[in-house]
Amino acid sequence: MDLNLNRADYLQVGVTSQKTMKLLPASRHRTTQKVVIGDHDGVVMCFGMKKGEAVAVFKTLPGQKIARLELGGVLNTPQEKIFIAAGSEIRGFTKRGKQFLSFETNLTESIKAMHISGSDLFLSASYIYNHYCDCKDQHYYLSGDKINDIICLPVERLPRITPVLACQDRVLRVLQGSDVMYETEVPGPPTVLALHNGNGGDSGEDLWFGTSDGKLGLIQITTSKPIHKWEIRNEKKRGGILCVDSFDIVGDGVKDLLVGRDDGMVEVYSFDNANEPVLRFDQMLSESVTSIQGGCIGKDGYDEIVVSTYSGWVTGLTTEPVHKESGPGEELKINQEMQNKISSLRSELEHLQYKVLQEREKYQQSSQSSKAKSAVPSFSVNDKFTLNKDDASYSLILEVQTAIDNVLIQSDVPIDLLDVDKNSAVVSFSSCDSEVSTKYKQLFRYFFYYAILNKYRKGEGVFKSDNISTISILKDVLSKEATKRKINLNISYEINEVSVKHTLKLIHPKLEYQLLLAKKVQLIDALKELQVHEGNTNFLIPEYRCILEEADHLQEEYKKQPAHLERLYGMITDLFIDKFKFKGTNVKTKVPLLLEILDSYDQNALIAFFDAA
């Protein structure tokens, strides 16, 4: 069954944070629902659609930035009470906009994540978790790393209260009271948690998780241990996951998984007979998707996916067809509706143009005034710096409310900029300080990912890594910073010789692939000449025919990674130098010989050189 969805933009509010838009429950099956959304201006707005126009049900006055919005109510009844987190305060509203709750939590930090279950309120700031029941403090936990999201298994289905924290150190922490019951590692820093099918699945213990590097997974949280059920690895290198929801948009009677990513991608996954996820639909929007919900907004009987974006757009991807079949009587009605809509849009556009003109004049007057201190406009910036461990690169994502003309990047270390699809930027470089060691750039490419802060306590930290160079870089950086701050620092280390061979084997597949890619690209022009001369490729061996068939793809891939081979050579060179550096031996004079071995690469010969040097 094909899934065809058509885009409809409903309205725009202020900048929104993750998970700040919800759909209120419908009064009847497949009837239109109201949308409630909170923004950075502190405004909570509830609206519905009427004759193609967004009509406000209520709108609050501005206040503190809204970080989370959830629906709640008495258990086993429609969840139609609206709760928002702003600063350290929780406020509650009815579906008509009447405020019935104002609860000051007295947290020293702003609330970052929230979950509501009946009279239980689960909150987290950056590192602090709190559980309240009827606004009375129940439990508290201080996390070892930043808490990105929080959820609780459904208390109406299970005989226990089981909160789960999604933490930046790639760990889900399962709590019981104020203690950690157990921890389970996930394949990336988890950014969002949601109940499978909205109710925890068949067992009530199933959770979906999404990570900042774009992975998805389903995990069962039992009383004794976690059970990992499936995982999607993000082979297409899409953005990090900010929001998920359960809704049967395909219409086969089974709830689908709706996913919103920080690169603007919206995805729909259905489930096969083995309960494995299958991608059924995807569509790219122009900005990050902060919230996603399934329901019915635009017109009765037509399901849709409703999303909110970073700049505050509320957009629907609806099953309602764009072009409808109509009889003679309905055609006039449709034309009249279209004319009314065009007239309304023109009026709105004229109003906006007038408003822009007023604001521009006001800005010019304030900037030219002698008493003006500063006329620099302020706006919200959403930034992310995410490691892609597969190709040892970082993705820097900047998102603002207005069009970006220029981005200035200043770095204390040399960097390589890799081209990406849809890139329209013009890049210019200025030279950096030649005294800066190029080795330190590896700390920001690649090696630091493999360093694990194994344990720490006041005044002491233990780091472990498969890679000696990681430890060498940490040692140099920590010593430098300690000297700068006049701190006495004692560093001791233990080196396992086997780790060097292990690291070379980890690098081997990437190095072999890049060398083979370079050789294939070098052969393309010669093979094309032979093809023209002979008139066909029948005389070529299958390997060469395959190179010609994939020529465009190979050249495009080679073009995207011009410095990749050089970086791999640099990693191996650093590994060689660092191995002997810890023994007090300087082997930099042997580096040219190492590079000769790499140019005629053979894994066994390289390992033998490391052993013999």
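The values are calculated or read from the model by the stated rules, or taken from the named source; none is laboratory data. The structure presented is a predicted model; accordingly, all values stated were derived computationally and were not measured. Quick reminder, even Gly has a Cβ in these numbers, built from the backbone with ideal geometry, and neighbours come from all protein chains shown. Remember, those area values only see protein heavy atoms, side chains included, never the ligands or the DNA or RNA. Shrake-Rupley method; radii C 1.70, N 1.55, O 1.52, S 1.80 Å.
For this structure, a couple of remarks:
- Scanning segment 162-180 for residues that are part of a strand (DSSP E or B) and of a type outside the set (K, R) yields P163, V164, L165, A166, C167, V171, L172, V174, L175, Q176, D179, V180.
- For segment 557-602, taking the residues that are outside any helix (DSSP H, G or I) and touching a Phe, Trp or Tyr at 6+ places or on another chain (Cβ under 9 Å), the one that is most open to solvent (accessible area, probe 1.4 Å) is identified as N586.
- Selection of segment 213-253 for residues being open to solvent by 60 Å² or more (accessible area, probe 1.4 Å), part of a loop (DSSP other than H, G, I, E, B) and of a type in the set (V, I, T) yields only T223.
- Identity of the residue in segment 263-284, outside any strand (DSSP E or B) and either under 18 Å from G251 (Cα atoms) or open to solvent by 10 Å² or more (accessible area, probe 1.4 Å) (or both), that ends up modelled with the highest pLDDT: D263
- I111 assigned to a strand (DSSP E or B), modelled with pLDDT of 95 or more and within 16 Å of T20 (Cβ to Cβ): no
- Residues in segment 232-242 include none that are over 18 Å from the mean Cα position of the chain (by Cα) and in contact (Cβ under 8 Å) with a residue 12 or more places away in the chain.
- Residues that are open to solvent by 100 Å² or more (accessible area, probe 1.4 Å), of a type in the set (D, E, K, R) and in a helix (DSSP H, G or I), drawn from segment 483-511: K484, K505
- For segment 385-439, taking the residues that are open to solvent by less than 90 Å² (accessible area, probe 1.4 Å), of a type in the set (G, A, S) and in a loop (DSSP other than H, G, I, E, B), the one that is modelled with the lowest pLDDT is identified as S437.
- Test for L123: is it buried (at least 17 other Cβ atoms within 10 Å of the Cβ), over 23 Å from the mean Cα position of the chain (by Cα) and hydrophobic (A, V, I, L, M, F, W, C): no
- The number of residues in segment 93-104 being touching a Cys at 6+ places or on another chain (Cβ under 9 Å) and open to solvent by less than 90 Å² (accessible area, probe 1.4 Å) comes to 5.
- Of all residues in segment 129-146, those satisfying the criterion of being surrounded by fewer than 18 Cβ atoms within 10 Å (Cβ to Cβ) and part of a strand (DSSP E or B) are Y132, C133, K136, D137, Q138, H139, Y140, L142.
- Any pair with Cβ under 9 angstrom, 6 or more apart, that starts in segment 74-96 at a residue that is within 14 Å of D120 (Cα to Cα) and part of a strand (DSSP E or B) and ends at one that is open to solvent by 60 Å² or more (accessible area, probe 1.4 Å) and among the hydroxyl-bearing types (S, T, Y): I90/S102; G92/S102
- Test: residue in segment 108-118 that is open to solvent by less than 30 Å² (accessible area, probe 1.4 Å) and touching a His at 6+ places or on another chain (Cβ under 6 Å): no
- Selection within segment 147-160 - open to solvent by 20 Å² or more (accessible area, probe 1.4 Å) and at pLDDT 95 or above: N148
- Going through (1) of a type outside the set (G, A, S); (2) over 29 Å from A613 (Cβ atoms); (3) touching a residue at least 12 places away in the same chain (Cβ under 8 Å) one by one, D578 falls short only on (2).
- Among (1) within 42 Å of the chain's Cα centre (by Cα); (2) at pLDDT below 90; (3) more than 22 Å from D416 (Cα to Cα); (4) not basic (K, R), the one test that Q531 misses: (1)
- Search result, residues across segment 186-195 that are open to solvent by 10 Å² or more (accessible area, probe 1.4 Å), at pLDDT 95 or above and of a type outside the set (A, V, I, L, M): T191
- Total residues in segment 12-47, condition crowded, with 17+ Cβ neighbours inside 10 Å and in a strand (DSSP E or B): 11
- Exactly one residue out of L489, L478, L474 is at pLDDT 75 or above and either under 19 Å from D169 (Cβ atoms) or among the β-branched types (V, I, T) (or both), and it is L474.
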